[in-house]
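The values are calculated or read from the model by the stated rules, or taken from the named source; none is laboratory data. Keep in mind it's a predicted model, so treat the numbers as computed, not measured. Cβ atoms come from the backbone with ideal geometry, glycine included; neighbour counts cover every protein chain shown.
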Amino acid sequence: MTKRELIEKLADQIKDLSLKDAEIIFNTVFDTMTEALAAGDRIEIRGFGSFQVKERRSREGRNPRTGDKVEVDSKRVPFFKVGKELKERVDQT
């Protein structure tokens, strides 16, 4: 499912909502989530799952083409943990 399809579904669910308004709502929700994760906050959506930022340490990796050792810097990455209800609903289909 694409972003466009999600926006259209939102507009279909609320009859008085235009596609433009649905897009604004959609973008506001996801922009706010992005800002929260960038600030290091945790997001929990009951029945769906939780998002958090995990810290990855620096490490020594290898260039797959040449086999040379490469230093991989530490970084922060988003992590999603599926909620129990979503896991069960997906498993039923």
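When the range 52-83 is examined, which residues are found to be assigned to a strand (DSSP E or B) and either in contact with a His (Cβ under 6 Å, 6 or more places away or on another chain) or of a type in the set (Asp, Glu) (or both)? So that I can check it myself, show each step before the final result.
Initially, the range 52-83 is screened for residues assigned to a strand (DSSP E or B), giving 52-56, 59-62, 69-72, 75-82.
Scanning the range 52-83 gives GLU55, GLU60, GLU71.
Is it true that some residue in the range 2-10 is β-branched (Val, Ile, Thr), at pLDDT 95 or above and surrounded by fewer than 10 Cβ atoms within 10 Å (Cβ to Cβ)?
Within the range 2-10, one or more residues are β-branched (Val, Ile, Thr), at pLDDT 95 or above and surrounded by fewer than 10 Cβ atoms within 10 Å (Cβ to Cβ).
Which one is surrounded by the fewest Cβ atoms within 10 Å (Cβ to Cβ) among residues in the range 40-65 that are polar (S, T, N, Q) and either closer than 29 Å to PHE30 by Cα or modelled with pLDDT of 95 or more (or both)? Before you say what the answer is, go through the steps one by one.
Step one: of the range 40-65, the residues polar (S, T, N, Q) are 50, 52, 58, 63.
Applying the additional criterion that residues be either closer than 29 Å to PHE30 by Cα or modelled with pLDDT of 95 or more (or both) yields 50, 52, 58.
Values: SER50: 14, GLN52: 15, SER58: 10.
So, considering only residues that are polar (S, T, N, Q) and either closer than 29 Å to PHE30 by Cα or modelled with pLDDT of 95 or more (or both), the one surrounded by the fewest Cβ atoms within 10 Å (Cβ to Cβ) is SER58.
Restricting to the range 5-51, name every residue that is of a type outside the set (Lys, Arg), under 27 Å from VAL77 (Cβ atoms) and in a loop (DSSP other than H, G, I, E, B).
Hits for the range 5-51 are ALA39, GLY40, ASP41, GLY47, PHE48.
Matching residues to (1) of a type outside the set (Asp, Glu); (2) more than 30 Å from THR32 (Cα to Cα):
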{"position": "SER50", "(1), (2)": "yes, no"}
{"position": "VAL53", "(1), (2)": "yes, no"}
{"position": "LYS69", "(1), (2)": "yes, yes"}
{"position": "ASP73", "(1), (2)": "no, no"}
{"position": "PHE79", "(1), (2)": "yes, no"}
{"position": "GLU88", "(1), (2)": "no, no"}
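Going by what's in this entry, would ALA22 be described as exposed (fewer than 11 other Cβ atoms within 10 Å of the Cβ), modelled with pLDDT of 95 or more and aliphatic (A, V, I, L, M)? Show your work before the answer.
Working: exposed (fewer than 11 other Cβ atoms within 10 Å of the Cβ): no; modelled with pLDDT of 95 or more: yes; aliphatic (A, V, I, L, M): yes.
Considered against the rule, which asks whether it is exposed (fewer than 11 other Cβ atoms within 10 Å of the Cβ), modelled with pLDDT of 95 or more and aliphatic (A, V, I, L, M), ALA22 comes out as no.
When you check GLU71 against the structure, is it touching a helix residue (DSSP H, G or I) at 6+ places or on another chain (Cβ under 6 Å) and more than 24 Å from ARG89 (Cβ to Cβ), yes or no? Reasoning before the result, please.
Values: touching a helix residue (DSSP H, G or I) at 6+ places or on another chain (Cβ under 6 Å): no; more than 24 Å from ARG89 (Cβ to Cβ): yes.
So GLU71 fails the test.
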